[in-house]
Amino acid sequence: MPSRRLTRVCCALLAVGMLHAASAAPAISDARADAQAAAWVKRMTLDEKIQMVHGVGMPSPVGGASYIPGIPRLGIPALASADSAGGVGGLNVPKSQATQFPAPLALAASWDPYLAQRYGAQIAKELRALGFGEGLGGGIDLAREPRNGRTFEYLGEDPVLAGVLSAARTRGTQSQGVIATVKHFAANDQETQRFTSNSVVDERTLHELSLLPFEIAVKEGGVGNVMCAYNLVNGSKSCQNKVLLTDVLKGQWGFKGTVQSDWLMAVTDTVPAALAGLDEEEPGSQDDNAVNFGVHSHFNQWLKAAVLDGRVPVSRLDDMVRRKLRTMVKFGIVANPPARGGVIDVAAGHALAREVAEQSMVLLKNDGATLPLDPARIRSVAVIGGHADAGVLAGGGSGGSGVQSSGAAPSPDNAVACLQPQAAIGSDHFMTGCATWFKSSPLAALRARAPGMSFSYLDGHDVAAAADAAAQADVAIVFATQWSSEGMDLPSLTLPNAETDAANQSYDQEALIRAVAARAKRTVVVLENGTAVTMPWIGQVSAVLDAWYPGMEGGPALARVLFGDVNPSGKLPLTFPQRDADLPQKLISASTADVVYGEGLRMGYRWFDAQDIAPLFPFGYGLSYTHFGLSGLQSRRGADGGVTLRVTLRNTGNRAGAEVAQVYANLPALSGEPPKRLVAWQKVMLAPGETRRVTIEVAPQRLAIWDVSAHRWRMPAGPVGLAVGTSSRDAAALGATVREDGGYL
Ligand code: BGC
């Protein structure tokens, strides 16, 4: 393990410090950005102002997702955006050399803000090289409903984990002169009826959970763009929701950037949208009176008419324009407009993609030290299923693979043919039900890593043949895949089979795992998944490694983790339940519009803790090839109500590895909170035998609750228990108690 790695302490503070060194765009002060924007607005005609608040429609003339032309007479450049959840891509980007990274959910499993910052920065460099000044990556809706088909695009189920990583990613993006986006604001937690569903959430749950990652991204990340969602929140469309957009986002949090609509269906009423605080409609169109993709746009002729007859004050239009322009100035679009034809550092992109994959894989089970594969003990390996001979799986939709193909046949961009090339997703005519598989074969990477070992490959279709091959080998590795996409929810967290995902699965994966495990000496299951997976077969296998959607370098990264060149250090960013029935929402209804957040504050692990349900694997869980010990916890409450913790971490094994010291708070009983919440963490890399004393700061707001009578954050009065451990259910966690006095933040 190189010493550079050994000295890496991953924490938010360090990430902030390092950010300056990584910045490519010169910092532009708020005052200068505001002044420039205000000066322009004074000189703009009404038509020029209207031009700045909507895109010209789909498809964008320059590729990507949206395009706002510039105003040359004033020196205002054009602005193009592209989807970029895990790499520049999305539906309309021409094939390019852009790196496709592991999915954002994988990034969340790294628990590493510095890695998130670098992920954001590299994708931003590539956006710029392709001519885009705004990246639409940055989904941070919580995994309230893990069957949500977009869970892979988000950062897990905890608001602080998602918020802190999003803020770091945002700083990385914006350090490269690209406007970052967080989305979908707010409570956009499932895809079923996605244009019409209504999330019914009480005020406290909204602020403490759904909104908190956005609040952190705004306040700590300084994000320039917030995309409002398709769904309604408490009866009002997100993009026409004054409480969310004006009162909370712009008022309480002081957001100075742009509120941008989600695409096509997010706006239905021009004046309410404008008055609620929407600043930009996308993808927009040249003519609001025309119907494109089944809908009208609103912020062109219709907004102009509303301004002319006074239904929307000119001051509101000016505010929209000012926000857009100040954001473009602030993040370097004006000083240095992105232009197509830039050079992408492909090697740097791939190296980082591999590093993210390696740092995000979660070792869930490892009985008898089955992993890492030891060439001295293991001579033959049966690799089975999951197209491991061809590539690794990617998620679908705008935040997915970056390459959309019918998948009818393998192609340079898709390693696997689709079983139903015509498969479409619901009413979303832009999305295909065919998965993309990046050409990064785990089998080829395993063979390259261990040339002396014998590898056989069976595609899993013939279960009996697979079991026979497994019985012959020293170890069987079954690759199991779970495809998910924007535009659809999963029917279940059960591994999909030919019935539940006919376009992408030809056999019953659970039956395959059981059959192989029954005959193999040792069975390792490698998961490529976009959300939690239930594993009724877990007792039959020796090891499980979760690789998520591991991106373009997934094959080599998997080989390096399986052979122990890299010691896994990922931790689950969401709970893995034993069964779907253990989730708070029993089923995702396709017939009722209301999605009632009846569990209130008991979202994610909070639900399992409060209901005393044992999960399959808890939030924050993940094994290592080495062992760690925690000791010597000290706590000190600061004058502001925050807490400083000091704890010693020791690597007690004989391999280098990283551990995540996680801090959970148990708030006073009267606060009405679930048993615990994540309040801070620190990921530390340790050499074998190394001991490190680390300091972890818990900011006051992490301990606060939302007071619904004052509509403010308030510290709960009384004893606050703090547990420092290596998962949310670590029996060996260390405990401390501090007393909080109460009072508003
Ligand atoms: C998605 C957004 C995406 C946009 C542009 C929408 O359907 O919800 O997340 O950025 O399309 O592709």
> Considering only protein heavy atoms, what is the solvent-accessible area of residue 58 at a probe of 1.4 Å, reported in Å² to the nearest 10?
Replying inline: 40
> Among residues other than residue 148 whose Cβ falls under 12 Å from its Cβ, what is the net charge (Lys/Arg +1, Asp/Glu -1)?
Replying inline: -4
> Principal axis lengths of segment 643-708 from Cα atoms, whole Å, largest first?
Replying inline: 50, 19, 14
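Relative contact order of segment 575-733: what whole-number percent is it, with Cα pairs under 8 angstrom and at least 6 residues apart? Mind dumping the intermediate values first?
Values: 297 pairs, mean separation 37.1, N = 159.
The value is 23 percent.
Taking only Cα atoms of segment 359-596, what ratio of Rg to Rh do you get with Rh as the Kirkwood inverse-distance radius? Let's see the in-between values first.
On the way: Rg = 17.5 Å, Rh = 18.2 Å.
Radius of gyration over Kirkwood radius for segment 359-596 works out to 0.96.
With both bridge residues required to lie in segment 359-596, what share of the DSSP beta bridges run antiparallel, to the nearest 5%?
On the way: 10 of 31 bridges.
Around 30 percent of the beta bridges assigned by DSSP in segment 359-596 are antiparallel ones.
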>> Strictly greater than 14 Å: what percent of every Cα pair in segment 42-84 meets that?
In response: 47
> How large is the dipole of segment 570-652 about the Cα centre if only Lys and Arg carry +1 and Asp and Glu carry -1, each at its Cβ, rounded to the nearest 20 debye?
Replying inline: 480
>> Keeping all protein chains in the complex and leaving out DNA, RNA and ligands, what accessible area do you get for residue 170 with a 1.4 Å probe, in Å² to the nearest 10?
In response: 10
> Each residue of segment 708-723 in order: what ³J(HN,Hα) in whole Hz does its phi give by Karplus 6.51 cos²θ - 1.76 cosθ + 1.60, θ = phi - 60°, with x for Gly and Pro?
Replying inline: 6, 7, 8, 6, 8, 6, 9, 7, x, 8, x, x, 10, x, 10, 10
> Rolling a 1.4 angstrom probe over the protein heavy atoms, how many square angstrom per residue are accessible across the chain?
Replying inline: 32
> Residue by residue, what Karplus-based ³J(HN,Hα) values in Hz, rounded to whole numbers, does segment 485-491 have, using 6.51, -1.76 and 1.60 with θ = phi - 60° and x for Gly and Pro?
Replying inline: 7, 3, x, 8, 10, 7, x
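Quick one: Cα convex hull volume of the chain, Å³ per residue?
Values: hull volume 105.7 nm³, N = 745.
Each residue corresponds to 142 Å³ of Cα convex hull volume.
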>> In the chain, if the dipole is taken from +1 on Lys/Arg beta carbons and -1 on Asp/Glu beta carbons about the Cα centre, which of 387, 645, 289 is farthest to the positive end?
In response: 645
> Could you give the semi-axes, largest first, of the ellipsoid that matches segment 189-249, computed as the square roots of 5 times the alpha carbon gyration tensor eigenvalues and rounded to whole Å?
Replying inline: 20, 13, 11
> What is the dipole size for the chain, taken about its Cα centre, with +1 at each Lys and Arg Cβ and -1 at each Asp and Glu Cβ, in debye to the nearest 20?
Replying inline: 2240
> Using modelled amide H (1.01 Å from N, peptide plane; none on Pro or chain starts), what sits under 5 Å from the amide H of residue 396, excluding residues fewer than 5 places away?
Replying inline: 484, 485, 486
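Note down the magnitude of the dipole of segment 359-596 about its Cα centre, charges +1 on Lys and Arg C-beta and -1 on Asp and Glu C-beta and zero elsewhere, to the nearest 20 debye. Walk me through the numbers on the way to the answer.
On the way: 14 positive and 22 negative charges, 172 e Å.
Computed charge dipole of segment 359-596: roughly 820 debye.
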> Rounded if a/c is under 1.5, else prolate if a/b is larger than b/c, else oblate: which is segment 600-674, with a ≥ b ≥ c the root eigenvalues of its Cα gyration tensor?
Replying inline: oblate
>> Tell me the angle of helix 159-175 to the major Cα principal axis of the chain, expressed in degrees between 0 and 90 and rounded to the nearest ten.
In response: 70
> Whose amide H sits under 5 Å from the amide H of residue 312, counting only residues 5 or more places off or on another chain, with H placed in the peptide plane?
Replying inline: 307
> Which of the chymotrypsin sites (Phe, Trp or Tyr not before Pro) found in segment 234-326 are in a DSSP loop and have at most 14 neighbouring Cβ atoms, other than their own, within 10 Å?
Replying inline: 293
>> Can you compute the label reach from residue 472? Point 7 Å from Cα along the Cβ direction, backbone N cut-off under 14 Å, restricted to segment 366-397.
In response: 380-384
>> Nearest 500 deg cm²/dmol is fine: what mean residue ellipticity at 222 nm does the chain get from its DSSP H runs of n ≥ 4 alone, each adding -39,500 (n - 2.57), divided by its residue count?
In response: -7000 deg cm²/dmol
> According to a simple spin-label model (label point 7 Å from Cα along Cα-to-Cβ), what is the distance in nm between residue 670 and residue 717?
Replying inline: 0.6
> Just the accessible area for residue 646, please: 1.4 Å probe, Å², rounded to the nearest 10?
Replying inline: 100
> So what is the relative contact order for the chain, in percent, with contacts set as C-alpha pairs under 8 Å and at least six apart?
Replying inline: 14
> Which far-off residues, 5 or more places away or on another chain, put their amide H under 5 Å from the one on residue 65, with H placed in the peptide plane?
Replying inline: 81, 82, 83
>> Just want the answer: with Cβ charges of +1 for Lys and Arg and -1 for Asp and Glu, which residue in 680, 558, 538 is farthest toward the dipole's positive end in segment 537-680?
In response: 680
> Can you pull out the GluC sites (Glu not before Pro) in segment 475-559 that DSSP calls coil and that have at most 16 other Cβ atoms within 10 Å?
Replying inline: 499
>> Give me a comma-separated list of calculated 3J(HN,Hα) values for segment 260-276, in order, Karplus coefficients 6.51, -1.76, 1.60 applied at θ = phi - 60°, integers in Hz, x for any Gly or Pro.
In response: 10, 6, 5, 7, 6, 10, 7, 10, 10, 9, 4, 5, x, 5, 4, 6, 6
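Please give the direction-averaged projected area of the C-alpha convex hull for segment 195-292, in square nanometres with one decimal.
Values: hull surface 25.0 nm².
Mean projected area for segment 195-292: 6.2 nm², to one decimal.
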> Bin by bin, in steps of 10 Å, what percent of the Cα pairs in segment 114-211 do you find, going until the bin that has the longest distance?
Replying inline: 17, 43, 29, 11, 0
> What percent antiparallel are the DSSP beta bridges of the chain, to the nearest 5?
Replying inline: 60
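Give me the percent of accessible area attributable to carbon and sulfur for the chain, probe 1.4 angstrom.
54
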>> If you average the alpha carbon positions of segment 172-188 and of segment 452-502, how far apart do those two centres end up, in angstrom?
In response: 35
> Of 520, 696, 618, which is farthest on the positive side of the dipole of the chain, counting Cα position, with +1 on Lys and Arg Cβ, -1 on Asp and Glu Cβ, and the Cα centre as origin?
Replying inline: 696
> What whole-number value in cubic angstrom gives the convex hull volume per residue for the C-alpha atoms of segment 626-744?
Replying inline: 87
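Rounded if a/c is under 1.5, else prolate if a/b beats b/c, else oblate: with a ≥ b ≥ c from the C-alpha gyration tensor eigenvalues square-rooted, which is segment 545-615? Kindly include the intermediate steps, with their values, before the conclusion.
Numbers: a/c = 3.53, a/b = 2.08, b/c = 1.69.
The shape class here is prolate.
The values are calculated or read from the model by the stated rules, or taken from the named source; none is laboratory data. Because the structure is a prediction, the values reported are computed rather than measured. Using ideal geometry, Cβ is built from the backbone for each residue, glycine included, and neighbour counts are taken over all protein chains shown. With ligands, DNA and RNA removed, areas are computed over all heavy atoms of the protein, side chains included. Shrake-Rupley method; radii C 1.70, N 1.55, O 1.52, S 1.80 Å.
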